[in-house]
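**Student:** Once you've had a glance at the structure underneath, I'll fire off some questions.
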Amino acid sequence: MTEPPNGLRGDYEFVTPEDARAALQRGRGRGVRIALIDSGVEAGHPGLAGLELSDDVAVETSGVRLKMRAGEGRDVYGHGTAVASILHRIAPEAEIGSFRGLDERNQSRSFIIAECAQLAMERGYHIINCSFGCKGHVNYILDFKAWVDAAYQRGIHIVSACNNQQSNVREWPSHFPSVISVGMADTPSDWIGFRPGNMVEFVARGERLKVPWLGGSTKIESGSSYAAPHIAALVARFLSVHPDAHPWTVKPLLQAVAEQ
């Protein structure tokens, strides 16, 4: 018999929407590990005070051969540092690991992303933040589906950004039903909005945010890339109070407490 993910055996805690709302308010992410697949994280950036990466790995390719090496506290674009700052601000006690899979142009390949995700799963991360999307050929979709399904079966939560221009443009992994898909909203708070009937079901703050960037600098940025970590960090807050919650329970609970 196959055991349920996260060791659940049918006697898991029943969590009401009221319980979920309370957990989102009081949780701080303690005991929860978030894998950030991005362009790296600039260690020592003043905007990341108090953050020590639990992993710092770079996955690269020369042709079709993958190679893994230490990330060396580098962000090759700036994007990952910005996303890490949002995760750390909202869930300050969560562990964050950097899996650099995006390059100097903030681009990647599906098999590099898959390798980063596989490493994160093997190293025991509870949440994978994907502030990117792929509109590729069906072969690329299958590349994404393989690790997205594996994560779901292990009880690992995936949070992904959607297309910045139109959320109904299919991108991966955001358009898989098991993924918590997030678009951006213009709101000053860390508010969650729910859009029933959409593949991209959630919106969060992502408009004109001041975020850390390369070389100790800051930048004003907008996009679903910055909305996704708001939700990933809130999931970390929830899991720090209800650590055995599986994706099949967390997503409906987020829908229940979000504003429409």
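**Student:** Residues of region 21-42 being touching a Gly at 6+ places or on another chain (Cβ under 9 Å) and crowded, with 24+ Cβ neighbours inside 10 Å, which ones?
**Tutor:** Answer for region 21-42, where residues must be touching a Gly at 6+ places or on another chain (Cβ under 9 Å) and crowded, with 24+ Cβ neighbours inside 10 Å: Ile34, Ala35, Leu36, Ile37, Asp38, Ser39, Gly40, Val41, Glu42.
**Student:** Moving on to the next point. Residues being within 17 Å of the chain's Cα centre (by Cα) and assigned to a loop (DSSP other than H, G, I, E, B): count how many of those fall in region 23-50.
**Tutor:** Total meeting the criteria: 7.
**Student:** Assess whether Val76 counts as being crowded, with 24+ Cβ neighbours inside 10 Å and among the hydrophobic types (A, V, I, L, M, F, W, C).
**Tutor:** Here the answer is no, as Val76 does not meet what is asked.
**Student:** Condition first: of a type in the set (Asp, Glu), surrounded by 10 or more Cβ atoms within 10 Å (Cβ to Cβ) and either over 17 Å from Arg237 (Cβ atoms) or modelled with pLDDT under 95 (or both). Now tell me which residues in region 5-20 satisfy that.
**Tutor:** The one that is of a type in the set (Asp, Glu), surrounded by 10 or more Cβ atoms within 10 Å (Cβ to Cβ) and either over 17 Å from Arg237 (Cβ atoms) or modelled with pLDDT under 95 (or both): Glu13.
**Student:** Is there any pair with a first residue in region 42-62 that is at positive phi and a second that is part of a loop (DSSP other than H, G, I, E, B) whose Cβ atoms are under 9 Å apart and which are 6 or more apart or on different chains, and what are they?
**Tutor:** Short answer, once both residue conditions are applied: Gly44/Gly73; Gly50/Pro92.
**Student:** Out of (1) at pLDDT 95 or above; (2) among the hydrophobic types (A, V, I, L, M, F, W, C); (3) over 27 Å from Arg109 (Cβ atoms), what's the single condition that is false for Phe194?
**Tutor:** Of everything listed in (1) at pLDDT 95 or above; (2) among the hydrophobic types (A, V, I, L, M, F, W, C); (3) over 27 Å from Arg109 (Cβ atoms), Phe194 misses just condition (1).
**Student:** Let me ask another. Quick one: which of Arg65, Arg123 is at pLDDT below 95 and more than 20 Å from Glu221 (Cα to Cα)?
**Tutor:** Selected residue: Arg65, the only one of Arg65, Arg123 that is at pLDDT below 95 and more than 20 Å from Glu221 (Cα to Cα).
**Student:** I need the full set of residues from region 192-245 which are touching a residue at least 40 places away in the same chain (Cβ under 8 Å) and of a type in the set (D, E, K, R), in order please.
**Tutor:** Arg195, Glu201, Lys219, Glu221, Arg237, Asp244, listed by residue number.
**Student:** Still on this model: Quick one: Ser189 ticks every box in (1) under 15 Å from the mean Cα position of the chain (by Cα); (2) part of a loop (DSSP other than H, G, I, E, B) bar one, so which box is it?
**Tutor:** (1)
The values are calculated or read from the model by the stated rules, or taken from the named source; none is laboratory data. Remember, predicted model here, so these are calculated numbers, not experimental data. When we count neighbours, we look across all protein chains shown, and the Cβ atoms used for this are built from the backbone with ideal geometry, even at glycine.
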